[in-house]
Amino acid sequence: MSAIPTTLRSIAFAGFTIVSAIASPKTFDLQDPKGVNAIQFKLDSILEPIAGTAGAITGTVTFDPSAIEATNGKVSAAAASIVVPNAKMNEHLLGASWVDAAKHPEISFAFTSLTDVKSVGANKWTATAAGQFSLKGVTKEITVPVSLTYLEGQFGTRLNKPELGGDLLVVRGEFSVARGDYGIKPGESEDKVAPVIQLTFALVGGAPKS
Amino acid sequence: MDSWRVLVRGASVIGILFVFSFWSAKGYNRGWSQNQVPVKNIDPVTEIEFTTFQKRFIPGLDYLAGGTALGLTLFAVTFLRRRSHNLS
């Protein structure tokens, strides 16, 4: 008689474990082994816009497809990884009067949850991420419209090792900040370089099968 | 006419022509000169468009303007006359 409850308990425990494994949030590492991740920026300027990328991306996003609102994470870019096509301009951008990469080596955005979550397709959502954006040692609260795409089982496939399994999460977004708010030449040279920096990002995070 | 003036004028004209030819041969870039050129790529699985940079030089309007200005300055220098010393 006592064997039946024990079996039932075992089945219930196994079921709970499976459900927990499926539903539990996963942590996606943004340090992409293929080097695809980057934050792109653009500033209108005389002659042509100054456009470049910051490529050394690190950070994590914790994501649960059954609780999108609870998604949180931090994205960081190494300021020294900023690249623009013109070498002299690159030197200026990394210098003390612009991003001051030597003194402030990290540009980051940290968010704790998502709002306005809408499903826009199978495993695709749009939302608004509110969090702290830090640039040149100044941190400010901002909101960023983002889109999320959950690619289940694609982590290993992307690395040509399907046996690895695991999932991918693609996060895209676009926002702009006033450079003066972050101590970058406030009120200066606005006739030559626009006061607003437009930032675009498309990042993929990987969560190997645990 | 001094022979150096002819030489400098010839050199400056050739220089201006070279600068313009090089700029036009490299694609008439009407922006700033580029030391590394952005190339767009797409990751097939995630469909993320990402940029890589190729190390090569593409002259821009700054190169064209600088080269032309230098050539014109050299050309103009040949019209300067040596100050004559009146010994009488």
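Tell me the angle of helix A:3-23 to the major Cα principal axis of chain A, expressed in degrees between 0 and 90 and rounded to the nearest ten. The answer is roughly 10 degrees.
In loop segments of region A:101-147 as defined by DSSP, the trypsin sites (Lys or Arg not before Pro) with at most 12 further C-beta atoms inside 10 Å of their C-beta are A:LYS103. At a 1.4 Å probe, what is the % contribution of carbon and sulfur to the accessible area of chain A? After summing per-atom areas, the C and S share lands at 59 percent. Projecting the Cα atoms of A:ALA122, A:HIS104, A:LEU148 onto the charge dipole of region A:40-195, computed from C-beta unit charges around the Cα centre, puts A:HIS104 farthest toward the positive end. Of all the options B:LYS55, B:LYS26, B:LYS40, the one that moves most in a Gaussian network model of chain B with Cα springs shorter than 10 angstrom is B:LYS40. The simple Förster model, with R0 at 30 Å and r as the Cβ-Cβ distance, assigns A:SER210 and A:SER45 a FRET efficiency of 0.05.
Assuming charge only on the beta carbon of Lys and Arg (+1) and of Asp and Glu (-1), the dipole of chain A about its Cα centre is about 460 debye to the nearest 20.
Given a 10 angstrom Cα cut-off, can you work out which residue in A:ASP181, A:ASP116, A:ASP64 is the most mobile in a GNM of chain A? With Cα springs under 10 Å in chain A, the top fluctuation among A:ASP181, A:ASP116, A:ASP64 is at A:ASP116.
Roughly how many Å² is the accessible area per residue of the protein assembly as shown, as a whole number, for a 1.4 Å probe? On a per-residue basis, 58 Å².
Per-residue ellipticity at 222 nm, computed for the protein assembly as shown from helices alone with -39500 (n - 2.57) per DSSP H run of at least four residues, works out to -8000 deg cm²/dmol. For the pair B:TYR28 and B:ALA65 in one chain, pulling the backbone fully straight at 0.36 nm per residue adds 12.1 nm over the alpha carbon distance. Legend: mean number of C-beta atoms from other chains within 10 angstrom of residue C-beta atoms, peptide B:38-49, equals 6. Relative contact order of region B:3-77, taken over Cα pairs closer than 8 Å and 6 or more residues apart, is 40 percent.
In terms of its alpha-carbon gyration tensor, region A:124-169 comes out oblate; a/c meets the 1.5 threshold, while b/c is at least as large as a/b. Under the combined filter of DSSP loop state and at most 15 neighbouring Cβ atoms within 10 Å, region A:151-192 retains these trypsin sites (Lys or Arg not before Pro): A:LYS192.
Here the dipole of region B:3-77 is about 480 debye; that uses its Cα centre as origin and unit charges on the Cβ of Lys and Arg (positive) and Asp and Glu (negative). Each residue of region B:60-76 is assigned a 3J(HN,Hα), and the resulting list reads x, 5, 5, 5, 5, 5, x, x, 5, 4, 5, x, 5, 4, 4, 4, 5 Hz, derived from the Karplus form 6.51 cos²θ - 1.76 cosθ + 1.60 (θ = phi - 60°), x at Gly and Pro. Evaluated at q = 0.11, 0.12 Å⁻¹, the base-10 log of the normalised Debye intensity for chain A, with identical point scatterers placed on the Cα atoms, takes the values -0.60, -0.69.
Using a/c under 1.5 as the rounded threshold, could you call chain B rounded, prolate or oblate? The axes a ≥ b ≥ c are square roots of the C-alpha gyration tensor eigenvalues, and prolate needs a/b larger than b/c, oblate otherwise. Prolate is the answer for chain B, as a/c is 1.5 or above and a/b outweighs b/c.
The values are calculated or read from the model by the stated rules, or taken from the named source; none is laboratory data. Values in this document were obtained by computation on a predicted structure and should not be read as measured data. No Cβ is skipped: glycine too gets one built from the backbone with ideal geometry, and neighbour counts run over all protein chains shown. Please note that ligands, DNA and RNA were not included when accessible areas were found on the heavy atoms of the full protein model with its side chains. Shrake-Rupley method; radii C 1.70, N 1.55, O 1.52, S 1.80 Å.
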